[in-house]
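Note sheet for the following structure.
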Amino acid sequence: MAENTGGIPRHVAIIMDGNGRWAKRRLLPRGAGHRAGMNRMIGLAEHIFDCGVAYCTLFALSTENLSRPQEELEGLFSLFRSYFPANTQRLKSKGIALRVIGDRALLPEDIVALIAEGERATAEGKRGTLVLAIGYGGRQDILAAVNEAVRRGKEVSMAEFEGMLSTGDLPAPDLLIRTGKELRISNFLLWQAAYSELYFTDVLFPDFSDVEFDRALAAYAKRERRFGKL
Ligand code: FPP
């Protein structure tokens, strides 16, 4: 696990909540909120890496979100189809590697193909790693690792177990941000966030500006991280 105190977090994870409420306040359909969220996500990711963060994990769609009405899901997937290829190229040009975690069996086939192509195209990126969690659930991640350990047929160490999670080669998040007012983790990186510093804000995700992100960084810089020690 990453052992840094204050300063710039090496890994920031964000639960991007509040797109629906953002749209509702403007009397717009929920899809308009997701489009605004998508635009914000792209700008914010750029800012995050410019701040010196090396890993950024964004919770785009949980396993549970996949039970939303078909119309909303189709809207999200078509946003993904129209934004993803161009933004993959943008990440590539900035030296950012893209990774997607989550159960791809739950996603439409063409989305899975776009993800694979995006990961392939950016694999050489050395400046940072953008991890998109799509069809992701923390419990499901842990359960898959447990089943892998059972298949190996012997007890595993903590480090071996962590290596079996979908984030196996990534450091744990130092800072976990949730926008949109709710005070919960909602099945995000349950194992990985054991010692993450938590930051909750009422700001709805489409309004979560670079300045709001800088506020979260400033709050993080003041935290004293002890990892359970004195
Ligand atoms: C939560 O807001 C947000 C989501 C479920 C989706 C987040 C998606 C994006 C930021 C766009 C990018 C999408 C993909 C697939 C890459 P909410 O709808 O739960 O908001 P509410 O709580 O106000 O209803």
So, of the residues in region 1-23 that are at pLDDT below 95 and more than 12 Å from residue 173 (Cβ to Cβ), which turns out to be least open to solvent (accessible area, probe 1.4 Å)? 6
Can you find even one residue in region 193-204 that is loosely packed, with under 14 Cβ neighbours inside 10 Å, without any contact (Cβ under 8 Å) to a residue 24 or more places away in the chain and among the acidic types (Asp, Glu)? yes
Going by what's in this entry, would residue 213 be described as in contact with a Ser or Thr (Cβ under 7 Å, 6 or more places away or on another chain) and under 21 Å from residue 46 (Cβ atoms)? no
Which condition from (1) within 15 Å of the ligand (Cβ to nearest atom); (2) more than 16 Å from the chain's Cα centre (by Cα); (3) open to solvent by 40 Å² or more (accessible area, probe 1.4 Å) is the one that residue 142 breaks? (1)
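The values are calculated or read from the model by the stated rules, or taken from the named source; none is laboratory data. Being a predicted model, the structure only gives us computed values, none of them experimental. Here the Cβ is made from the backbone with ideal geometry for all residues, glycine too, and neighbour counts use every protein chain on show. Note: areas computed on protein heavy atoms with side chains; ligands, DNA, RNA excluded. Shrake-Rupley method; radii C 1.70, N 1.55, O 1.52, S 1.80 Å.
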